[in-house]
Amino acid sequence: MADAAETLSAYPPRAHRQRVLKGAAIIWGVNRSDISCIVKNQNAEGAGLVVAEENRIPQEFLLWIPTDGVAWRCRLRWRRGDRAGVSFHGSQPKPDWHY
């Protein structure tokens, strides 16, 4: 059986994320649903979010960050309690229908 050090070395380390504090919205679905959230850390590859535990987060969604003026296409990577990690897969303009 491999020891913990060998197991951890099989995964490349995540790039450092800059600590930030930004309001954001998770946008998805044909019903044009959204969930308010907070971006706690971010880099070019992804972000760490705080989302109320009672809210379900879809596997793929847009993350609209008004201060950046960008909607990131995201995939949910992990979730523990009210914290979640997402990876970015491109960006697009904010949807016209979102307030």
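Residue 40 meets all of the listed conditions (1) in contact with a strand residue (DSSP E or B) (Cβ under 7 Å, 6 or more places away or on another chain); (2) exposed (fewer than 14 other Cβ atoms within 10 Å of the Cβ); (3) at pLDDT 95 or above but one, namely (2). Looking for something at pLDDT below 95 and either of a type outside the set (A, V, I, L, M, F, W, C) or in contact with a Phe, Trp or Tyr (Cβ under 9 Å, 6 or more places away or on another chain) (or both) - is there at least one such residue anywhere in the range 70-79? Yes; the residues of the range 70-79 include at least one that is at pLDDT below 95 and either of a type outside the set (A, V, I, L, M, F, W, C) or in contact with a Phe, Trp or Tyr (Cβ under 9 Å, 6 or more places away or on another chain) (or both).
Considering the range 1-37, and only residues there that are surrounded by 10 or more Cβ atoms within 10 Å (Cβ to Cβ), part of a loop (DSSP other than H, G, I, E, B) and modelled with pLDDT under 75, the residue that is farthest from the chain's Cα centre (by Cα) turns out to be 32.
The values are calculated or read from the model by the stated rules, or taken from the named source; none is laboratory data. In this text the structure is predicted, and so the values were computed from the model without any measurement. Positions of Cβ are generated from backbone atoms using ideal geometry, with glycine treated the same way; all protein chains shown enter the neighbour counts.
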